[in-house]
1. For a quick check: with amide H placed at 1.01 Å from N, whose amide H comes under 5 Å from Ala257's, ignoring anything fewer than 5 positions away on the same chain?
2. Mind listing which GluC sites (Glu not before Pro) in segment 168-260 are in a DSSP loop and have 14 or fewer other Cβ atoms within 10 Å?
3. With equal scatterers on the alpha carbons only and no solvent term, can you work out the Debye log10 of I(q)/I(0) for segment 173-264 at 0.12, 0.23 1/Å?
4. Tally Lys and Arg at +1 and Asp and Glu at -1 over the other residues with C-beta under 13 Å from the C-beta of Phe299: what net charge comes out?
5. Compute the length gained on full extension between Leu138 and Trp210: take 0.36 nm times their separation in residues and subtract their Cα-Cα distance, giving the result in nm to one decimal.
6. Tell me the Rg and the Dmax, in Å, that the Cα atoms of segment 205-307 produce.
Amino acid sequence: MTEQKRTPLQQRLIDLDWEDLRFALALARHGSLSAAARALGVNHATVSRRIDRLQGAIGQLLFDRRKEGYRLTDTGQMVLDQLTRMDEAVLSLLSLPLQVEEGGLVRLTAARGLADGFLVDRLGELRQRLPTTDIELLGESRLMSLGRREVDIAIRLGQPKDSELVGKKIGLIGYGFYAAPAYLAELAGGAPLQFVGFDPDSAFVLEAAWMKREFPGQRIAFRTNSQTSQAAAARAGFGIALLPHYLAAEDPDLQRAPVDSETPQREVWLLMRKDLADKPRIRAVAEEIADLFDREKDFLLGAPAAS
């Protein structure tokens, strides 16, 4: 089947920068470059340049410049009417609700410790309820970007500051001091107190800042930016680690350490872009994750896991 050849005018319309139409509409409405510029929040030279480019693309003079201001030519009125209808049609299509199928891929991101130590083992019910939905879980030390569309849903510790995201608090994570039984026996026998903690580059992390404030000058025998590695170092006997309960409470090789200090808590927030919040597939996964954190709220705060 041969492709129908386009006329020069048709090709010029395809090649238009549709943003220029907005400037032409403003000039037609307000009648002067300065008034159009004020309405658009630009300078008058930008309006003039855009109009010249639009007229050049169409190959027709769209405006007459008169003493009382700019007026559409007959050709300009006809072209602008056509372009306005085309623009309205495109906007109408864009405003239609998208029918998103239940299945498909949903990309999540969370801190690596939360992803590996809590989420993965508990997503079985999600798989049963949404059998045609595929999950990609990125446990990252760096923050994956919702704005750059790297992920669909982000699970973050702490209240977000980005007003462009849809977010809700879905839980609280509690922390406790944990250590290997052998190290606790050494400590009871008079061994010096030492901790497992974060490396210096992780000083901005809430837990690291809290430890520095509560135990200034205390020896850190093992440092790492990974809480999973901190738990492993505590199991190996390097000292006492401040760990989220979900990572340590059910570990048979770790025990609660008798440290007399009230431990911190972290809020858990689920975040999505506004344009994704009503997509059925994304919303269904978000609701499942929120339900999961609600079911496990006692365990996350240090109580035994629900049976």
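Since every read-out is calculated from the coordinates, none of them should be taken as a lab result. Worth saying up front: this structure is predicted, and the values here are computed from it rather than measured. Cβ: placed from backbone, ideal geometry, glycine included. Neighbour counts: every protein chain shown.
1. Amide H neighbours of Ala257, under 5 Å, 5+ apart: Phe177, Tyr178, Ala179.
2. Glu250
3. -0.30, -1.22
4. It works out to a net charge of -2.
5. That pair, Leu138 and Trp210, stretches by 23.2 nm at full extension.
6. According to the Cα coordinates of segment 205-307, Rg and Dmax are 17.1, 52 Å.
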